[in-house]
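Here the structure comes first, spelled out in structure tokens, and everything after it is commentary.
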Amino acid sequence: MKVPITYLTSANRSLWTESVAKSDGLPARPSGPWIDTKHKLLTYYAHLFATGMKNSWKSRVYLELFSGPGKCFIRDTGTEDLGSPLKVIDHEFTKFIFTEMNGPAAEALAQRLEPYSNSAQTEIWCGDCAEAIQRIHIPDRSLTLAFIDPTGIGHAPFSLIEALRKKTRCDLLINVQHGMGIKMNVHQYTPDSDEECALTQFLGHDGWKKLPRHNAKEFFVGVLDLYKQQLDKLGFSFTGREVLISNQQGSGLYLLLFASGHPRGKEFWEKSLKGVLHPELDLGM
């Protein structure tokens, strides 16, 4: 079934200039082999969420921000892999919502989702996530799993999380830019930074200015603690066992941060970690 796309005023309709999949000639998001761990954790948790809560919640929504075109091109190997939307689309959610800024990428995603039976319960919003969140409809009494996968901390301000939390009861799986976004840019985050600073937008306040900046690792840990405190204020009381995703040289790229307001969410996340990672894996940053 054809998947509907709603084009917002913020949509980017420029041509796709990145990778193209050899399998179907459509846009593919360039990435690295490290996405395998991210996708495995996402799909493991999504399965537990969708099946484990179906007797308690008639409406179970999967919402993905920054969804991409539905396929990835692995630069190191020259191979293709399914993007996260196609890895989750067969799960037992009752509604799927994807947002993507780029028009050609959104159109490629819609075309790739068509053959799946759950395409009838799927919609795509093309444009800025903040605008999309204001427009999308999530049924009353829904439980939502939101996967937030930006390419930079400036793309997912805390105001976006606040707007989402007002819209629906949800669990969050968030890609927090650990290396390029924060640690490697400590020198940019100075006390005289204004309110438009990406880190201030990410946290929702400028409390990071009080953190010591002489050590990038310690600075990031401080920022992460502030972020968790912000999530706790919204009712996300379970935020633990974040997963560091590194490149092949062992350099940290980003963290997968889980957040839930219910013990079942914490239980499902712990099961996901055990199912995908070694249970004693050191998640030190």
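The values are calculated or read from the model by the stated rules, or taken from the named source; none is laboratory data. Because the structure is predicted, anything quoted here is derived from the model rather than measured. Here the Cβ is made from the backbone with ideal geometry for all residues, glycine too, and neighbour counts use every protein chain on show.
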List, please: which pairs have Cβ atoms under 7 Å, are six or more places apart or on different chains, and start with a residue in the stretch 123-146 that is closer than 23 Å to Pro104 by Cα and end with one that is among the basic types (Lys, Arg)?
-> Trp125/Arg135; Ile133/Lys167
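Being over 17 Å from Tyr45 (Cβ atoms), without any contact (Cβ under 8 Å) to a residue 60 or more places away in the chain and of a type in the set (Asp, Glu) is the requirement here; does Asp81 meet it? Let's see the steps before the verdict.
Numbers: over 17 Å from Tyr45 (Cβ atoms): yes; without any contact (Cβ under 8 Å) to a residue 60 or more places away in the chain: yes; of a type in the set (Asp, Glu): yes.
So Asp81 passes the test.
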Residues that are at pLDDT 95 or above and among the charged types (D, E, K, R), drawn from the stretch 232-263 | Asp232, Lys233
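Condition first: surrounded by fewer than 19 Cβ atoms within 10 Å (Cβ to Cβ) and without any contact (Cβ under 8 Å) to a residue 60 or more places away in the chain. Now tell me which residues in the stretch 57-78 satisfy that.
Taking the stretch 57-78 first, the residues surrounded by fewer than 19 Cβ atoms within 10 Å (Cβ to Cβ) are 57-59, 74-78.
Ile74, Arg75, Thr77, Gly78 - these are the residues of the stretch 57-78 that are surrounded by fewer than 19 Cβ atoms within 10 Å (Cβ to Cβ) and without any contact (Cβ under 8 Å) to a residue 60 or more places away in the chain.
If we scan the stretch 239-250, do we find a residue that is polar (S, T, N, Q) and closer than 21 Å to Ser159 by Cα? Walk me through how you get there before you give the answer.
Taking the stretch 239-250 first, the residues polar (S, T, N, Q) are 239, 246-249.
After this cut, where a residue has to be closer than 21 Å to Ser159 by Cα as well, the list is 239.
The answer is yes; a qualifying residue exists.
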Scan the stretch 188-201 for residues that are exposed (fewer than 11 other Cβ atoms within 10 Å of the Cβ) and in contact (Cβ under 8 Å) with a residue 12 or more places away in the chain and jot them down.
-> Pro191
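Could you tell me which residue of the stretch 6-22 is modelled with the lowest pLDDT, considering only residues that are of a type in the set (Val, Ile, Thr) and out of contact with any strand residue (DSSP E or B) (no Cβ under 9 Å at 6 or more places or on another chain)? Reasoning before the result, please.
Filtering the stretch 6-22 down to residues of a type in the set (Val, Ile, Thr) leaves 6, 9, 17, 20.
Filter again for out of contact with any strand residue (DSSP E or B) (no Cβ under 9 Å at 6 or more places or on another chain), leaving 9, 17.
Details: Thr9: 97, Thr17: 94.
Only one residue tops the list, namely Thr17.
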Applying the selection to the stretch 117-134, what residues are within 21 Å of Arg29 (Cα to Cα), of a type in the set (Asp, Glu) and not in a loop (DSSP other than H, G, I, E, B)?
-> Glu123
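Pull up the stretch 135-164, narrow it to residues that are outside any loop (DSSP other than H, G, I, E, B) and among the β-branched types (Val, Ile, Thr), then point me to the one that is surrounded by the fewest Cβ atoms within 10 Å (Cβ to Cβ).
Within the stretch 135-164, the subset outside any loop (DSSP other than H, G, I, E, B) is 135, 142-148, 153-155, 158-164.
Filter again for among the β-branched types (Val, Ile, Thr), leaving 144, 148, 153, 161.
Working: Thr144: 24, Ile148: 21, Ile153: 23, Ile161: 24.
So the residue we want is Ile148.
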Just name the residue that is nearest to Lys87 (Cα to Cα) out of those in the stretch 23-37 that are charged (D, E, K, R) and modelled with pLDDT of 95 or more.
-> Arg29
Which members of the stretch 187-222 meet the condition of being hydrophobic (A, V, I, L, M, F, W, C) and more than 19 Å from Ser246 (Cβ to Cβ)?
-> Cys197, Ala198, Leu199, Phe202, Leu203, Trp208, Leu211
So Phe258 clears everything in (1) crowded, with 19+ Cβ neighbours inside 10 Å; (2) part of a helix (DSSP H, G or I) except one condition, right? Which one?
-> (2)
Filtered residues of the stretch 191-241 (kept if closer than 28 Å to Leu143 by Cβ, assigned to a loop (DSSP other than H, G, I, E, B) and of a type in the set (A, V, I, L, M)) | Leu234
Only one of (1) more than 24 Å from Glu267 (Cα to Cα); (2) out of contact with any Asp or Glu (no Cβ under 9 Å at 6 or more places or on another chain); (3) among the basic types (Lys, Arg) does not apply to Lys71, and that is (2)
Please tell me if Gly265 is in contact (Cβ under 8 Å) with a residue 40 or more places away in the chain and within 21 Å of the chain's Cα centre (by Cα).
-> yes
